[in-house]
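The values are calculated or read from the model by the stated rules, or taken from the named source; none is laboratory data. Only a predicted model underlies this, so the values are computations on that prediction, with no experimental measurement involved. Cβ placement follows ideal geometry from the backbone for every residue including glycine, while neighbour counts extend to all protein chains displayed. Ligands, DNA and RNA are stripped out before the accessible areas are found, and what is left, the full protein with its side chains, is counted by its heavy atoms. Shrake-Rupley method; radii C 1.70, N 1.55, O 1.52, S 1.80 Å.
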Amino acid sequence: MKASDEELVALVVAARDTVAFGELVRRHQGLVRSMLARMCGNRALAEDLAQEAFIRAFRKIGSFTGAGSFKAWLCRIAYNEFLMSARKRKATEKAMDRFKQDVDDTEAPRDMGSVVDLDRALATLKEDERAAVVLCYASGLSHSEAAEMLNMPLGTVKSHVNRGREKLKAWFEKSEALVS
């Protein structure tokens, strides 16, 4: 019989059992990596953030109370890593903008091709909407788990998911019309 996440957490807390933590990582790394990749739109950055999230989870595993699922607790840590990274990137971009001179800001036309790009569609959503949609649809968390993880009221998460879903639907319809 396979040990539950809670049993593995107990082993890690009691004996700093790295084998048990390794099993937790194996179980949840796909979820964490794909969630972060969809949120930040950059696979390499998502891999780095996932690594940092697992390191932080190992260090803070004693703070997991079992009140919610381990998956939601871990996703919360990963989401916090994403937010910290986004703040750092924004500060860096702001500093770089001050030093840029004579840069051409025109964007090359996008090649829509025949394939609709979900990551491009997700990038059109507001950060809170994208986080809620990714957590509830791509990561398989319930609305209440996502609300806990995002530290938002349940109704707000549901609104973000609904608005995000409607915006994605409109984006896909527009993309299909352009391709046709």
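Structure values in brief
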item: The range 22-36 - phi-based ³J(HN,Hα) in whole Hz, Karplus 6.51/-1.76/1.60, Gly and Pro as x; result: x, 5, 4, 4, 4, 5, 10, 5, x, 4, 5, 5, 5, 4, 5
item: Inter-label distance, nm, simple model (7 Å from Cα along the C-beta direction), residue 7/residue 60; result: 2.7
item: Debye-sum result for the range 30-87 in log10 I(q)/I(0), which assumes one identical scatterer on each alpha carbon, at q = 0.21, 0.29 Å⁻¹; result: -0.72, -1.19
item: Which of 76, 43, 165 is most accessible, then next, and so on - probe 1.4 Å; result: 43, 165, 76
item: Accessible-area order (highest first, 1.4 angstrom probe) of the listed residues 55, 77; result: 55, 77
item: Links that overshoot a 22 Å alpha carbon limit, given the list 71/158; 60/90; 126/158; result: 60/90
item: Accessible-area ranking of 18, 65, largest first, probe 1.4 Å; result: 65, 18
